[in-house]
Amino acid sequence: MLSNDKPMTRREALAVLSLPALAAGLGGCASASPVTLANVPAAPVPRVRVRDRWRYVGTNLYNHLPIGELATEVVESGPLLKIKNRYTDERPTQDDLYTNAWNVVQETHYDVTERFSDPVPLLPSRLEAGASERVRTTYRALISERQLFWSLYLDARNWEKIRVPAGEFTCLRIDRRMWFSHYDVFRYGSERYETLWYAPDVNCWVQREWTGYYVVPGGRRGARFREDWVRWQLLDHIPAPVAT
């Protein structure tokens, strides 16, 4: 459920204060420094079709080694938008599900597949610098039956020009800060940070980076463990054929 009127908890307030610095750190890992653009008008709502395809290359940002490729394709447009995922390392995958482009119902790109009670946006409803979304809902890891807490702060920072293997794109940079109850009962205080660069030219993100932190019972006071630290960049985009 979208919520803009509930008071923030102390943890949420601290999260908002710390997000810009951390997001800047994530963005600094890009292969080339983005160039900030001014006076870019709002972008239209993304419109995707069955057989639209995007292909990405992944990098482990701990050691900067490649982690293979990800090919995604729109295979259904209703009642939910279904995205088929295929990795070059042939790891088992499930489909991403959206109510539309790009409000997530089922997310497969983190450590476990997550199914949300209410759609969770990847993008703000207004595709312009300064737009924001606040979401509090529940989710279920598909390997568990428990409904767990999920909270998201999403902020569109600015328009940037970035270069990825597929070329140079004008993108809306979007920072997402999540804190949630992890299905693993031995993880506490889970927080996740993500930055996406959405390019209207391809109706999807061309670069996406995420990492996160958590604590474990009995650990040293103040010590946090880190999740994966991953970047995906667009290799190519093949739009669906236009009917003649």
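Between the C-alpha center of the stretch 64-108 and that of the stretch 196-237 there is a gap of 16 Å. Calculated accessible area for the chain comes out at 50 Å² per residue, all protein chains present (probe 1.4 Å; ligands, DNA, RNA ignored). Cα-based radius of gyration for the stretch 129-244, normalised by 2.2 N^0.38 Å, reads 1.31. Each label was represented as a point 7 Å from its Cα along the Cα-to-Cβ direction; for N39 and D236 these points are 3.7 nm apart.
Given contacts defined as C-alpha pairs under 8 Å and at least six residues apart, what's the relative contact order of the stretch 142-212, whole-number percent?
26
Each 10 Å bin, from zero up to the one with the longest distance, holds this percent of the alpha carbon pairs of the stretch 58-175: 12, 33, 42, 13, 0.
Considering all alpha-carbon pairs of the stretch 183-244, what whole percent are spaced by more than 13 angstrom? Please report the intermediate quantities before stating the final value.
Working: 1341 of 1891 pairs.
Percentage above 13 Å: 71.
May I ask for the equivalent-ellipsoid semi-axes of the stretch 79-125, computed as the square root of five times each C-alpha gyration tensor eigenvalue and listed largest first in whole Å?
Details: eigenvalues 80, 24, 18 Å².
For the stretch 79-125, the ellipsoid semi-axes come out as 20, 11, 9 Å.
Relative to the dominant Cα principal axis of the chain, helix 10-27 is inclined by about 40°.
The convex hull around the C-alpha trace of the chain, projected and averaged over every direction, spans 14.4 square nanometres. Among the protein heavy atoms of the chain, carbon and sulfur supply 52% of the accessible surface, probe 1.4 Å, non-protein parts ignored.
In this structure R49 has an accessible area near 100 Å², from a 1.4 Å probe over the protein heavy atoms.
Extension gain, E90-R126: 0.36 nm per intervening residue step, less the Cα-Cα distance, totals 9.3 nm. Based on the convex hull around the alpha carbon atoms, the stretch 31-118 presents an average projected area of 8.0 nm². Note on L65 and R146: the model spin-label points, each 7 Å out from Cα along the C-beta direction, lie 3.3 nm apart.
The values are calculated or read from the model by the stated rules, or taken from the named source; none is laboratory data. Predicted model only: the values in this text are computed from it and were never measured. Methodologically, a virtual Cβ is constructed for each residue, glycine included, from the backbone with ideal geometry; neighbour enumeration extends over all protein chains shown. These area figures cover heavy atoms from the full protein model, side chains too; ligands, DNA and RNA do not enter into them. Shrake-Rupley method; radii C 1.70, N 1.55, O 1.52, S 1.80 Å.
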